[in-house]
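Novice: To start, I am sharing the structure in question, which I have written as structure tokens.
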Amino acid sequence: QVQLVESGGGLVQPGGSLTLSCETSRNLFSIYTMSWYRQAPGKERELVAAITSGGSTNYADSVKGRFTISRDNAKNTVYLQMNSLKSEDTAVYYCNAQRFLINYWGQGTQVTVSS
């Protein structure tokens, strides 16, 4: 069984920064695509950023230039660096590991952007 544990969420002012971490129970990065999703109240869950097993990354248009996804193979951890945060970034952020039809999810971490 794979476990994903997110951390790093919190309250931040507009324009501020946060770094989310997702620690996996075993090394998945060589075969899984790792992603960050988010879900705001009353909205559907949406893809924020992803990094493939080969290291390619992609981002939602709304976060391009502000967010960066990365991973540390030695620590079995994926990161989401979030800069220039806006109120519309407020959501629960989830870590996801996906390979074909297999999906693992973390429990989520709340990010609130407010003055």
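Novice: Residue under question is Thr112, and the condition is that it be closer than 15 Å to Ser17 by Cβ and touching a residue at least 60 places away in the same chain (Cβ under 8 Å); does it hold?
Specialist: For Thr112, the condition - closer than 15 Å to Ser17 by Cβ and touching a residue at least 60 places away in the same chain (Cβ under 8 Å) - is met.
Novice: Considering only segment 8-20, I want to know if a residue exists there that is at pLDDT 95 or above, farther than 20 Å from Ser114 by Cβ, surrounded by 13 or more Cβ atoms within 10 Å (Cβ to Cβ) and under 13 Å from the mean Cα position of the chain (by Cα).
Specialist: No, there is no match, as no residue in segment 8-20 is at pLDDT 95 or above, farther than 20 Å from Ser114 by Cβ, surrounded by 13 or more Cβ atoms within 10 Å (Cβ to Cβ) and under 13 Å from the mean Cα position of the chain (by Cα).
Novice: State whether the residues of segment 75-96 include one that is assigned to a helix (DSSP H, G or I), more than 13 Å from the chain's Cα centre (by Cα) and closer than 22 Å to Gln1 by Cβ.
Specialist: Yes, segment 75-96 contains a residue that is assigned to a helix (DSSP H, G or I), more than 13 Å from the chain's Cα centre (by Cα) and closer than 22 Å to Gln1 by Cβ.
Novice: Anything in segment 32-57 that is crowded, with 18+ Cβ neighbours inside 10 Å and closer than 15 Å to Thr90 by Cα? List them, or say none.
Specialist: Trp36, Tyr37, Arg38, Val48
Novice: While we're looking at this one, here's another question. If you check Glu23, Glu46, which single one turns out to be in contact with a helix residue (DSSP H, G or I) (Cβ under 9 Å, 6 or more places away or on another chain) and either within 30 Å of Ser115 (Cα to Cα) or modelled with pLDDT of 95 or more (or both)?
Specialist: Just one listed residue meets the conditions, Glu23.
Novice: Please work out which one of (1) surrounded by fewer than 16 Cβ atoms within 10 Å (Cβ to Cβ); (2) free of Cβ contacts under 8 Å to residues at least 12 places away in the same chain is the condition Ala60 fails and give its number.
Specialist: It fails just one condition, (2).
Novice: Continuing with this model, one more query. Does Thr109 fit the bill of being open to solvent by less than 40 Å² (accessible area, probe 1.4 Å), out of contact with any helix residue (DSSP H, G or I) (no Cβ under 6 Å at 6 or more places or on another chain) and either modelled with pLDDT under 95 or not small (Gly, Ala, Ser) (or both)?
Specialist: For Thr109, the condition - open to solvent by less than 40 Å² (accessible area, probe 1.4 Å), out of contact with any helix residue (DSSP H, G or I) (no Cβ under 6 Å at 6 or more places or on another chain) and either modelled with pLDDT under 95 or not small (Gly, Ala, Ser) (or both) - is met.
Novice: So for segment 32-54 (the condition being within 19 Å of Gln3 (Cβ to Cβ), in contact with a Lys or Arg (Cβ under 6 Å, 6 or more places away or on another chain) and not in a strand (DSSP E or B)), does at least one residue qualify?
Specialist: Within segment 32-54, one or more residues are within 19 Å of Gln3 (Cβ to Cβ), in contact with a Lys or Arg (Cβ under 6 Å, 6 or more places away or on another chain) and not in a strand (DSSP E or B).
Novice: Of all residues being out of contact with any Lys or Arg (no Cβ under 8 Å at 6 or more places or on another chain) and more than 17 Å from Leu18 (Cβ to Cβ) in segment 65-83, which is surrounded by the fewest Cβ atoms within 10 Å (Cβ to Cβ)? Just the residue, please.
Specialist: Among them, the one singled out is Ala74.
Novice: Separate question: Search segment 21-31 for residues being assigned to a strand (DSSP E or B) and open to solvent by less than 60 Å² (accessible area, probe 1.4 Å), and hand back the single one that is nearest to Asn83 (Cα to Cα).
Specialist: Looking at the filtered set, the residue picked out is Ser21.
Novice: Here's something else I'd like to know. Inside segment 72-115, can you point out the residues that are among the charged types (D, E, K, R) and under 20 Å from Leu11 (Cβ atoms)?
Specialist: If the condition is that a residue be among the charged types (D, E, K, R) and under 20 Å from Leu11 (Cβ atoms), then Lys86, Glu88, Asp89 are the ones that fit.
The values are calculated or read from the model by the stated rules, or taken from the named source; none is laboratory data. On a predicted model such as this, the values are computed, not experimentally measured, just so you know. Methodologically, a virtual Cβ is constructed for each residue, glycine included, from the backbone with ideal geometry; neighbour enumeration extends over all protein chains shown. Ligands, DNA and RNA are stripped out before the accessible areas are found, and what is left, the full protein with its side chains, is counted by its heavy atoms. Shrake-Rupley method; radii C 1.70, N 1.55, O 1.52, S 1.80 Å.
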